[in-house]
Number of protein chains: 2
Amino acid sequence: MNGGRWAYKQVIVVRKDLRMGPGKSVAQGAHAAVDGVTEVARTHPAWLAEWRADGQPKVALRVGSLDELDAVCDRARAAGLPVVRIADAGYTQLEPGTVTCAAIGPAPADAVDAITGDLSLL
Amino acid sequence: MNGGRWAYKQVIVVRKDLRMGPGKSVAQGAHAAVDGVTEVARTHPAWLAEWRADGQPKVALRVGSLDELDAVCDRARAAGLPVVRIADAGYTQLEPGTVTCAAIGPAPADAVDAITGDLSLL
């Protein structure tokens, strides 16, 4: 489900172990998406333009722990991909500073899939 | 839950009647958030700057039908607020063109709350 359809994509990786409610998950994923776009606008504007032309594909995937999220982020950074991690402000549901999710890209889909292709859909 | 805490906010309004899975909801909400930010960067850059300085608060709310979503969007536009509606590309789960959600803002929180303050959290 993560492969092949687009040339550029953004992947949002969400911690499932936190058992966030649906509204919390949507808000945290939206933080990651917006921050990822902001980062890539600065670092890789050509990627951003290609991704927008592609229809801005986004895929939400799951991990089961903070360790797993950090491992994915580390591998993505080592591959030269833009990564943003989101820490919750903690007004509701979670302790302040809890890392909830991350965005990888927008970036070339092949490079993203090489890191996240084994993760399940959220 | 929707009031008072911030001076600026972005609200993401999601159709609950479509029974989207969690990954679909996160991806669609992320589309709305990113498109809303892009729109407001163009139309109200000062609002965007204030909202970013506030920590980019986002709240996800629910509606029960397309009619209800459209009514909220119409009221927001009539109040001069920036609104983006998201139509799904339809690769998975939904028919192509299905309107799934909308973003209002980032915009002054009081004006947003006047439109969406009666909606429940997603």
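Identify, please: which residue in the stretch A:89-98 is out of contact with any Ser or Thr (no Cβ under 8 Å at 6 or more places or on another chain) and either more than 14 Å from A:K16 (Cα to Cα) or not hydroxyl-bearing (S, T, Y) (or both) and is, among those, surrounded by the fewest Cβ atoms within 10 Å (Cβ to Cβ)?
Step by step, filter the stretch A:89-98, then rank; the result is A:E95.
Tell me which of these B:N2 doesn't satisfy, since it passes every other one: (1) at pLDDT 95 or above; (2) more than 8 Å from every other protein chain (Cβ to nearest Cβ); (3) open to solvent by less than 60 Å² (accessible area, probe 1.4 Å); (4) touching a Gly at 6+ places or on another chain (Cβ under 8 Å).
So B:N2 meets the others, but not (1).
Taking the residues in the stretch A:51-60 that are more than 8 Å from every other protein chain (Cβ to nearest Cβ) and surrounded by fewer than 16 Cβ atoms within 10 Å (Cβ to Cβ) as candidates, determine which candidate is nearest to A:C101 (Cα to Cα).
Among them, the one singled out is A:R52.
Checking the structure you have, find out if any residue of the stretch B:39-46 is at pLDDT 95 or above and facing chain A (nearest Cβ under 9 Å).
Scanning the stretch B:39-46 turns up no residue that is at pLDDT 95 or above and facing chain A (nearest Cβ under 9 Å).
Any residue at all in the stretch A:68-78 that's more than 15 Å from the chain's Cα centre (by Cα) and without any contact (Cβ under 8 Å) to a residue 60 or more places away in the chain?
Looking through the stretch A:68-78, at least one residue is more than 15 Å from the chain's Cα centre (by Cα) and without any contact (Cβ under 8 Å) to a residue 60 or more places away in the chain.
Which count do you get for residues in the stretch B:84-111 that are within 21 Å of B:A7 (Cα to Cα) and touching a residue at least 24 places away in the same chain (Cβ under 8 Å)?
Count: 10.
Condition check: within 21 Å of A:L61 (Cα to Cα) and open to solvent by less than 40 Å² (accessible area, probe 1.4 Å). Does B:A30 satisfy that?
It is true that B:A30 is within 21 Å of A:L61 (Cα to Cα) and open to solvent by less than 40 Å² (accessible area, probe 1.4 Å).
Can you pull out every residue in the stretch A:99-114 that is assigned to a helix (DSSP H, G or I), of a type outside the set (G, A, S) and open to solvent by 20 Å² or more (accessible area, probe 1.4 Å)?
A:D110, A:D113, listed by residue number.
Inspect the stretch B:71-88 for any residue being surrounded by fewer than 24 Cβ atoms within 10 Å (Cβ to Cβ) and facing another protein chain (nearest Cβ under 8 Å) and give the result as yes or no.
No, that holds for no residue.
The values are calculated or read from the model by the stated rules, or taken from the named source; none is laboratory data. What you are looking at is a predicted structure, and each value in this text was computed from that prediction instead of being measured. Note that we place each Cβ from the backbone using ideal geometry, even for glycine, and neighbour counts take in every protein chain shown. For the accessible areas, the whole protein counts, side chains as well, though only heavy atoms, and no ligand, DNA or RNA atoms are used. Shrake-Rupley method; radii C 1.70, N 1.55, O 1.52, S 1.80 Å.
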